[in-house]
Each structure stands twice: as C-alpha cells, then as structure tokens.
Amino acid sequence: MFRCPDGGGSGAPESRELTARVRKLEIRSKRLVNELFSGEYHSSFKGLGIEFSQVREYQYGDDVRTIDWNTSAHKNGLYIKMFTEERERTMMLVLDGSGSMLFGSARLKRELAAEVAAILAFSAVKNNDMVGLLVFSDKVETYIPPRKGRAHALFILNEIFSLNQCGRKTDIDAALSFIRRTQKRKAIVFLLTDLCGSEFERGMKLLNTRHDFVLIHLGDPFDRELPRSAVLDLVDPETGERITVDGRSRAFLARYASRRQEERDALRRQLSRMKVDAVFLDTGKSIIGGLNAFFRHRERKV
C-alpha cells in the first residue's frame, strides 16, 4: 500500500479526534444509506451477469422461455429455471489529494469528499460489494486494494481523514491509468475531484470504455463568485502563485463570475460529448439532492 509522505500541511488529526470524526461520519452515512441510497445504488449498478440458481414448478404467468425441458421431461411436469444476479462488484474511490482540495469557504473540499466517500463505501458494503481507495496528486499517493466489509470501509475512511498534505499539483490521467492497470475486471469507479489544473479527457475516455465510471465534481461557492471586499489576496493552491485584486470593483467581480459560469457550462458540454456520468456537489450545500438526482438518472440509463 502506498501512503502519503509525512511532512508538509497541517498533519493528521490526533487519534482520539480522528476516531470520533470517523465514527460520527459512519453513523450519518449509514443512516443515509439505509434511508435513501442503498436500493438506488443496487439498481444503478447492476451485477456482471446472472447465474443458475435452482428449478421450481411452473406457475401461471411465468415466462415460457425459462422452462427447463429436460427437468420437465424427467419429472413429468413443467419446471422453470431460476436465476440470480451475479452481484459481487468492485468499487474504487479515486480521491484527489492535491492542494486545491484543501480549500473551502463553507468547509474543505476534502471534507466534502470524505462524506461522499463514506456514503458510497457503506452502500457498497450493504450490497456485499468490495471497495478500495486511490488517493492521488501528481502521482499515486495511497492505494488500498478493494475488499469487503464494514471494517475495511472504516479503514478507508481513517486513511482519508489521516492524510497529510500530499503533492500540490494534480495528474488525473496518471491516476486513471493506475486504475486501468490494477482493475482487470469491470469495476465501479468514482473520481472525486475539483478538476483543478489537470488534463483529464483521455484518461476518462479510456476508463469509461471498460468500467462504470462516474465523475463527482466538488465545488465551492467561491469557485463561482468572489465576495465583495476591499482587497482580495488570491493564491493558486496548485502553483503557489499569488495575485491581489480590488474586491470593491463590481466590474471585476462580474467578469470573474461570468468567466467561471462559462467554464462550468463548457465542462458540462465536454462531459456530455464524452458520455461521462457526472455529479456536481458543493461545499455549501447538502449532498443528498445531487446524489439522489444522479441515482435516478443512472436507474433510467440502466
């Protein structure tokens, strides 16, 4: 297992605090899974096939195409074949650990990512699926191979909360290439990122052809518009570049908001052309509405 190197950033929370945070998130996530997301997850991501289960006597209304003629002849009656879904699947959580994820006006983008990851992980556990984790910056920082069970899901959440500052920059293509190399069977892949400062189209296209790939885009209110202020000191979390702007200028603030809206619209069009399913979540809003809308979309698509 790869781990994030020590040093840099604010460091991991103390052990007792970490345990309390993970436990609190587990309780909230499992409640949401039980009340809202378990059935939606199951129906949104079907199993990899069906397998024979047993035979039973034919009942009025059964599909005649399922009649087992050999068994029917042997037992001198009509019997049909019963099948069950080959359910066991693998979910990979691919988490952006770069510098931009440590930004947030309401809460950090990484904290939002942790909440979403918890809900997805416990949805997988409830459906007896395996779940794994990849954390990346401009390289692979942490890789936890997929396994089943609550204990493994909690281990993954501990890893997310205890991450130190990793590399500042982002290389999404490298992360998705790692997933393609390690996941030979068709997997469910959730990429949790703000798409800051990285090329991604090639990696997403290649992964989307073999796996059930979903982008979860993590945003913040300040990504859309800046607050009015006397002076704004802005820092690029990926490069460290700093600029100072006049936050009193209505024209500047309007240009910023307009430019960011154009970028979001262009991103949505690009993802639509690539046929990539995407969920857009925000640090300042509840995740429930966005995830519900996504699962309903997936159910119709499946």
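Here, each number is a calculation from the coordinates, and none is a lab measurement. As the structure is a prediction and not an experimental result, all values here were calculated from the model. Here the Cβ positions follow ideal geometry from the backbone for every residue, glycine too, while neighbour counts run over all protein chains shown.
Points to keep in mind about this one:
- Positive end of the dipole of the chain (Cβ unit charges, origin at the Cα centre): among N208, S105, T19, the Cα lying farthest that way belongs to N208.
- Among F280, F136, I80 - extreme Cα towards positive end, dipole of the chain, charges at beta-carbon: I80
- Each residue in L18, L218, L163 was given a count of other beta-carbon atoms within 10 angstrom of its own, and listing them fewest first yields L18, L163, L218.
- Placing a pseudo-label 7 Å from each Cα along the Cα-to-Cβ vector at S105 and L36 gives an inter-label distance of 2.3 nm.
- Interchain or long-range residues, amide H under 5 Å from D282's placed H: G219
- Integer Hz, Karplus 6.51/-1.76/1.60 couplings in order for the stretch 62-75, x for Gly and Pro: 5, 5, 5, 6, 8, 5, 8, 5, 5, 5, 4, 5, 5, 9
- Modelled FRET efficiency - R0 22 Å, E263 with T239, Cβ distances, 0.05 increments: 0.80
- With at most 16 neighbouring Cβ atoms within 10 Å, loop trypsin sites (Lys or Arg not before Pro) (DSSP) excluded, longest segment of the chain: 4-45
- Added length on full extension, which subtracts the Cα-Cα distance from 0.36 nm per residue, I27 to N292: 93.5 nm
- Average projected area [Cα convex hull, the chain], square nanometres: 19.4
- Charge dipole of the stretch 57-136 (Cα centre as origin; +1 on each Lys and Arg Cβ, -1 on each Asp and Glu Cβ, all else neutral): 260 debye, rounded to the nearest 20.
- Computed from Cα positions, the angle between helix 15-32 and the longest principal axis of the chain comes to roughly 50 degrees.
- Charge dipole (debye, nearest 20) of the chain; +1 at Cβ of Lys and Arg, -1 at Cβ of Asp and Glu: 400
- Theoretical gain in end-to-end length, K75 to A251 [0.36 nm per residue, Cα-Cα removed]: 55.0 nm
- Cut-off under 5 Å, modelled amide H: who pairs with M91 long-range: M130, V131, G132, I188
- Computed FRET value (nearest 0.05) for K275 with E199, which takes r as the C-beta separation and R₀ as 22 Å: 0.75
- The aspartates and glutamates whose alpha-carbon is closer than 16 Å to the alpha-carbon of K81, local same-chain residues fewer than 8 away aside, are E51, E57, D62, D63, D68.
- Cα-based Rg / Dmax (Å) for the stretch 65-163: 21.7, 72
- Reachable lysines, given that their alpha-carbon falls under 22 Å from the alpha-carbon of K109 and they are not under 8 places away in the same chain: K24, K30, K139, K169, K285
- Overall size of the stretch 206-302 from C-alpha positions, given as principal axis extents largest first: 51, 28, 21 Å.
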